[in-house]
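S.K.: Here it is, the structure in full.
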Amino acid sequence: MPDDLPLPPAALRLRLDTAALASNWRALDALSGRARAGAAIKADCYGLGMSAALPTLAAAGCQDWFVAHWQEAAAAVRHVPAAQVSMLHGPMTDAEAVYARALGVRPVLNSLEQVRRWLRAGGGACELMVDTGMSRLGLPLGDILDPAIAKLEIETCMSHLASADEDSGQNAAQLGRFRDVMRAVPARRYSFANSAGIALGPDYHCDLTRPGLALYGGVPRGELAGKIAQVAYPEAAVIQVRQLAAGDSVGYNATFTADRAMRVGVIAIGYADGYLRCWSGRGYVLWHGQRLPVLGRVSMDMTIVDLTAAENCGEGDWLALEYTLPEAAAASGLSQYELLTLLGRRFARCQ
Ligand SMILES: *Cc1c(COP(=O)(O)O)cnc(C)c1O
């Protein structure tokens, strides 16, 4: 096949509202008070794509970036300075510590093992994650006074909240433990809050906040409602219009049967794209403000929608999925995080 054969246009696109992304970062930076807001950009900016999101966030003023994998660190440094990038999982081997130094990104050290590994590789500016009650990554509290810690050049000492999206006593308990950490571990700056943690107030802000979800349009706590705008707009083309007669059934396992003559459209999105089967008979798409219901089961590559209220909608037209994250999470039972990170590779990511 000739390499220069032009590809027909995609039938599925994910529109990124870069103005909304920038305004969400500015809102979260302002809500962070005296702290600066950084950005969690792991999982390719929660599925939205680094190549558009990073330049937008950098132009808005963001200077601190958090990734989870080396592959993501390597991708991030194509858009932002390496010295602004922190790698959350930390070095698993000596070779990874050497890699971090060569790339110029800061590893987040999560255990005494990783601390020693970093020092062995030659050390330099790094981050330290302390576990204050999530039992996920991070140095156990009992290890913070280890002499190896005193040898580190810690740029950011951080911890992560487990229940910031709830009014849980765990938040204050973790804050109390993090205050002990701040007294015991010297660092240039301290960082504690994710998106939801920013809404918990100034006690939680420290020097640097690390929002992810809310940058991309998620609303993890009521306090953020009205301050965060939708960023991701999945849209699918109608690839066939069909006329149904009363009694015709729709899709796998015939879970919907028409009770009248109706017009339906087949759109080019399915569970392989992250539009999971939980949307069967439950999701909506939008056509000039009209909500059109999903009929029957979502298939791997296709979904069937009711075009009764969209007389002029035909093959080749685009329908937007109803995908405002808090409402979509309530309707689907998926988390706002899952709704974003599920969105697959077949979308043309555009602005
Ligand atoms: C993912 C992550 C964040 C961002 O969390 P959100 O809830 O998406 O704002 C912040 N800090 C760490 C350590 C993370 O892993």
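S.K.: Here are the criteria: (1) surrounded by fewer than 20 Cβ atoms within 10 Å (Cβ to Cβ); (2) in contact with a Gly (Cβ under 6 Å, 6 or more places away or on another chain); (3) not aromatic (Phe, Trp, Tyr). Tell me which single one Asn312 does not satisfy.
M.R.: Of (1) surrounded by fewer than 20 Cβ atoms within 10 Å (Cβ to Cβ); (2) in contact with a Gly (Cβ under 6 Å, 6 or more places away or on another chain); (3) not aromatic (Phe, Trp, Tyr), only one is false for Asn312: (2).
S.K.: Examine the range 202-210 for a residue that is in contact (Cβ under 8 Å) with a residue 12 or more places away in the chain, within 22 Å of Asn312 (Cβ to Cβ) and more than 16 Å from the ligand (Cβ to nearest atom), and state whether such a residue exists.
M.R.: No - not one qualifying residue is present in the range 202-210.
S.K.: Asp248 fails exactly one of the following numbered conditions: (1) touching a residue at least 12 places away in the same chain (Cβ under 8 Å); (2) touching a Ser or Thr at 6+ places or on another chain (Cβ under 8 Å); (3) of a type in the set (Asp, Glu). What is the number of that condition?
M.R.: So Asp248 meets the others, but not (1).
S.K.: Quick check: anything in the range 179-189 under 30 Å from Ser23 (Cβ atoms) and buried (at least 24 other Cβ atoms within 10 Å of the Cβ)?
M.R.: The answer is no; no qualifying residue exists.
S.K.: Also, quick follow-up: Surrounded by 21 or more Cβ atoms within 10 Å (Cβ to Cβ), more than 30 Å from Val264 (Cα to Cα) and within 19 Å of the chain's Cα centre (by Cα) - does that describe any residue in the range 226-247?
M.R.: Yes, the conditions are met somewhere in the range 226-247.
S.K.: Sticking with this one: Just for the range 117-140: of the residues that are buried (at least 21 other Cβ atoms within 10 Å of the Cβ) and within 13 Å of the ligand (Cβ to nearest atom), which one is nearest to Met87 (Cα to Cα)?
M.R.: Restricting to residues being buried (at least 21 other Cβ atoms within 10 Å of the Cβ) and within 13 Å of the ligand (Cβ to nearest atom), the top hit is Glu127.
S.K.: Moving to a separate point now. Let me spell it out: the conditions are (1) touching a residue at least 12 places away in the same chain (Cβ under 8 Å); (2) under 30 Å from Pro220 (Cα atoms); (3) open to solvent by 50 Å² or more (accessible area, probe 1.4 Å), and Gly289 meets all of them except one. Which number is the exception?
M.R.: Unmet condition: (1).
S.K.: What is the residue count in the range 176-196 for residues that are within 15 Å of the ligand (Cβ to nearest atom) and more than 21 Å from Arg106 (Cβ to Cβ)?
M.R.: 2
S.K.: Just one of the numbered conditions (1) open to solvent by less than 50 Å² (accessible area, probe 1.4 Å); (2) touching a Gly at 6+ places or on another chain (Cβ under 8 Å); (3) within 12 Å of the ligand (Cβ to nearest atom) is not true of Ala37; which one?
M.R.: Failed condition: (2).
S.K.: Does any residue of the range 251-267 turn out to be outside the structural domain of Ala43 (by TED's automatic domain parsing) and within 30 Å of Leu215 (Cα to Cα)?
M.R.: yes
S.K.: Now a separate question. Regarding Ser163, is this residue touching a helix residue (DSSP H, G or I) at 6+ places or on another chain (Cβ under 6 Å), hydroxyl-bearing (Ser, Thr, Tyr) and over 16 Å from Ala184 (Cα atoms)? Spell out how you get there, then give the answer.
M.R.: Details: touching a helix residue (DSSP H, G or I) at 6+ places or on another chain (Cβ under 6 Å): yes; hydroxyl-bearing (Ser, Thr, Tyr): yes; over 16 Å from Ala184 (Cα atoms): yes.
Against the criterion (touching a helix residue (DSSP H, G or I) at 6+ places or on another chain (Cβ under 6 Å), hydroxyl-bearing (Ser, Thr, Tyr) and over 16 Å from Ala184 (Cα atoms)), Ser163 qualifies.
S.K.: Quick one: Ile269 ticks every box in (1) outside any loop (DSSP other than H, G, I, E, B); (2) touching a strand residue (DSSP E or B) at 6+ places or on another chain (Cβ under 9 Å); (3) open to solvent by less than 70 Å² (accessible area, probe 1.4 Å) except a single one, so which number is it?
M.R.: (1)
S.K.: Hey, among Glu223, Glu235, which residue is within 16 Å of the ligand (Cβ to nearest atom), at pLDDT 95 or above and of a type in the set (D, E, K, R)?
M.R.: Selected residue: Glu223, the only one of Glu223, Glu235 that is within 16 Å of the ligand (Cβ to nearest atom), at pLDDT 95 or above and of a type in the set (D, E, K, R).
S.K.: A follow-up question, please. What about Ala229, is it aliphatic (A, V, I, L, M) and either free of Cβ contacts under 8 Å to residues at least 12 places away in the same chain or part of a loop (DSSP other than H, G, I, E, B) (or both)? Even if it seems obvious, please write down each step before you answer.
M.R.: Working: aliphatic (A, V, I, L, M): yes; either free of Cβ contacts under 8 Å to residues at least 12 places away in the same chain or part of a loop (DSSP other than H, G, I, E, B) (or both): yes.
Considered against the rule, which asks whether it is aliphatic (A, V, I, L, M) and either free of Cβ contacts under 8 Å to residues at least 12 places away in the same chain or part of a loop (DSSP other than H, G, I, E, B) (or both), Ala229 comes out as yes.
S.K.: Return the residue satisfying two criteria in turn: it lies in the range 141-173 and is without any contact (Cβ under 8 Å) to a residue 12 or more places away in the chain and part of a loop (DSSP other than H, G, I, E, B), and of such residues it is most open to solvent (accessible area, probe 1.4 Å).
M.R.: This residue is Asp167.
The values are calculated or read from the model by the stated rules, or taken from the named source; none is laboratory data. Everything numeric here is computed off the predicted structure, so don't read it as measured data. A quick note on method: Cβ atoms are made from the backbone with ideal geometry, for glycine too, and the neighbour counts reach across all protein chains shown. Accessible surface is based on the protein model in full, side chains and every heavy atom, while ligands, DNA and RNA are left aside. Shrake-Rupley method; radii C 1.70, N 1.55, O 1.52, S 1.80 Å.
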